[in-house]
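Peer 1: Have a look at this one.
The values are calculated or read from the model by the stated rules, or taken from the named source; none is laboratory data. Nothing here was measured: the structure is a model prediction, and the numbers come from that model. When we count neighbours, we look across all protein chains shown, and the Cβ atoms used for this are built from the backbone with ideal geometry, even at glycine.
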């Protein structure tokens, strides 16, 4: 009688099938008592805190009246993300970045770069003269 040899793959399939046949489904635990409801509220100024009931606990935090209509502290002072920035600001930044080589850009690349450098020096000289006049006018 000739016995067929099991390949490693066939042996693995037999083992997985046997393990699955003996597996028990997870039992659902018995329904426990419902957890207590807890409401956490912020009240402003002299507003009353709602009363707790038999099935709900109410916890109140009090803030001054001046904070009622303000943006919450955790959101104040955050820098705007690119997705929240206006499109006109994005276009302005892209124009500034891609400006190299265009006329009045003060760039060594392109045909109009030298005119931009000359214009920048003129603007700087005018600003220095304006500041010197203001300083001289302020001296008694």
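Peer 1: Quick check, is residue 21 exposed (fewer than 11 other Cβ atoms within 10 Å of the Cβ), at pLDDT below 70 and part of a helix (DSSP H, G or I)?
Peer 2: yes
Peer 1: Pairs, please: C-beta under 8 Å, at least 6 apart or cross-chain, first residue touching a residue at least 24 places away in the same chain (Cβ under 8 Å) and in the range 53-73, second surrounded by 10 or more Cβ atoms within 10 Å (Cβ to Cβ) and outside any strand (DSSP E or B)?
Peer 2: 68/45
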